[in-house]
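This report refers to the structure that appears directly beneath it.
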Amino acid sequence: MKTLCVRLMAGIGLFFGLAMPTWADVTVACPFGDHMVLQRGAAVVWGTATPESDVTLTFREKTTEVAVNAQGQWRASIPTGEAGGPFELVIAEKAPEKPHAVTLTDILVGEVWLGSGQSNMNMSLMDGRGGVLNHEAEIKAAEYPSIRFLQIPNGRDAHNPKYERVWTACEPDTARHFSAALYFFARRLSEELKIPVGVINASQGGSAIAGWLPGGDLYKKCIDGLVPLTIKGVLWYQGESDVGAANQYGEKMNGLIAGWRTAWGAEWPFYAVQIAPHASDPFNTALIWGETLRALDGHKATGMVSTFDIGDLTNIHPKNKQAVGLRLANLALREQYGKGALPAYSPRFGAVAVADSRARVTFAQAEGGLATVDGSAPDWFQIAGEDQIFHWAQTKIDGDTVEAWSPDVAKPVALRYGWDATAMPNLIGKDSRLPALPFRTDSWAKADPKKAGASTPLAIPTLSPDITAATLDTALLAHAPISLISGGRTLGTMRLGTRDRLLAVRLDVTDALVTPDAADWKDISIEFYAAKTGDKTVRQVVLIPSGMGTVKHVEWYEMGKKQDAAALPIANMAPAAPNGYTLTAVIPLAALGIPDEATAFTFEAAAATAPHAQANRSWRSFFGSMGAFQNASRFRPCQIEK
């Protein structure tokens, strides 16, 4: 049914809507309507009616009576009982001279959660960036009639009745346009609890946290009108737009949590998502992580889920929203619904002790102890002495502790873990299998790159002229192919091998989503990543061809900083009928930062096209995703052959 937005004035609370109507018709505020979910136990409902009259609310055969104030506004807390439905809510004015009633239908009772933040929270299953992982299958399977969605119009005035809120049941046509993170959260919650779940999406792409603080523009437009709706808790996924002012983020987060809870008059749980690793400001992105944790620790019933393992260094909007929703749901299920056996906690910093030249870090929430995803020693630990110069640490696990040391640091005074925007560490909880959360024990200002031991621009060696395609095929590429899969589709294969300090890669793409013509080849970029190398640096090499068989230029990135390098030849690059292409590339291992003494490294590859006309927009891939190869080849070990 159609509802009219209303706002309750001072003395009762803030509602959203219009100025008080002069007619006597009963109205309900915009969060309420057909198909909604009410929080089980009790729920607050509000609206307008004839001034100084009485209104009755009848729900599940129980009637609540409430007086209307002189401004014509009313608010009532009604018993909702246990989860179930569908039910009707009848709201009637006790005015014999002009009786009027509103009936809301298909109402479920269950759990209601509010999600907010910026584009990663707002990203839908079928997003304009290509959708989430396996989006076609996920959309097709989204038949959950007991899950209900409420979308708050992005950036629009919540008090304007033109933008009516409409609750919808979860089905493919509605799920495809709704927040993917909230959908996967609600799905997990509903399946585990076997009750209805309502999720409200009040997020805005590109928004900074300041706009969501009480009194801020986005708060007034999107949040104010929801107060005091009875909810179970809040889910927060934001921070990318605040990297430039990261040192202020903690205080703003404190203000947001405290301000929202004060407005609601409730200390419901507040769970945040770590913004995922990506090639951005190395230090300030990590500072956002640290400031978020610091703020959360200052409030009860809070937590943060880690995304270290699902990031995409080329994309600030990682596609694996399934993991985000699952981890948020498991945290809520464990802390709010008594599901104590679920893997909900990421290991996080507990304490550090220094003895001689070694630091021992104890991790909290490390149920069953610690482990690594690849069985190697924990990486992305940095250690510094009083000179504040950080060095990559050697490490080993002992139960729930990690011992860290460096031959260059005689007396450690500071330790950092995962403190970089491009960090994708291997440390996890042994039982939970969840990535450990980042930390630093120092409060030093952003370090000078020279102090941090950053590499100088690489002098990339030129290739020997006798390297030919035939040599590559017979010598370097004599390895089993790796299937390249994206969204459930096999796109082709990749082979890779090494010899004489060279990496050779052959891509045979047989099922590109878009077939390029000859003019497009100059705009293709082929990207390679070496991660967890000897110096723990993630380095990216981008090859940009100028035509068949040549390279326009090469770029390499370290810690998110771009450098140009000398051109490298590409052998045998050509379209492959009917819908693909073949590319063979040779790259000196030095270009990937692989040290001379290394015997193996881990490898990733991605392929994309960046047409000149769209250079300032999102890159478009022949595979529907810049990370198409990453899902197939992430952390693929590569032995270095002599």
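Side notes on the structure shown:
- A cut-off under 13 angstrom between Cβ atoms defines the neighbours of LEU415, and their net charge, with Lys, Arg +1 and Asp, Glu -1, is +3.
- HIS135 contributes about 40 Å² of solvent-accessible surface, heavy atoms of the protein only, 1.4 Å probe.
- Phi-derived couplings, Karplus 6.51 cos²θ - 1.76 cosθ + 1.60 at θ = phi - 60°, listed residue by residue for the range 401-415: 10, 10, 9, 10, 7, 8, x, 8, 10, 6, 9, x, 10, 8, 9 Hz, with x used for Gly and Pro.
- Were the residues from ALA410 through GLU267 laid out at 0.36 nm apart, the gain over their Cα-Cα distance would be 46.8 nm.
- Net length available on complete extension from GLU82 to VAL373 is 100.6 nm, with 0.36 nm assigned per residue and the Cα-Cα distance removed.
- At the residue level, ARG348 shows approximately 50 square angstrom of accessible surface with a 1.4 angstrom probe and all protein chains present.
- Accessible area per residue, Å², the range 268-328 with all protein chains present, probe 1.4 Å: 24 Å²
- Net charge of neighbours whose Cβ lies under 10 Å from the Cβ of THR56, counting Lys and Arg as +1 and Asp and Glu as -1: -2
- Spacing of the two label points (7 Å from each Cα toward its C-beta) at ALA42 and LYS430, in nm: 4.6 nm
- Förster-model FRET efficiency, 35 Å R0, THR362 and SER443, C-beta, rounded to 0.05: 0.95
- Area of SER443 that stays accessible when all protein chains are in place (1.4 Å probe, Å², to 10): 100 Å²
- Working note: Karplus 6.51/-1.76/1.60 with θ = phi - 60° gives the range 228-238 the couplings x, 3, 6, 10, 7, x, 10, 10, 10, 9, 6 Hz, where Gly and Pro are set to x.
The values are calculated or read from the model by the stated rules, or taken from the named source; none is laboratory data. Nothing here was measured: the structure is a model prediction, and the numbers come from that model. FYI the Cβ positions are ideal-geometry reconstructions off the backbone, even for glycines, and counts take in every protein chain you see. Calculation scope for accessible area: heavy atoms of the full protein, side chains included, ligands and nucleic acids excluded. Shrake-Rupley method; radii C 1.70, N 1.55, O 1.52, S 1.80 Å.
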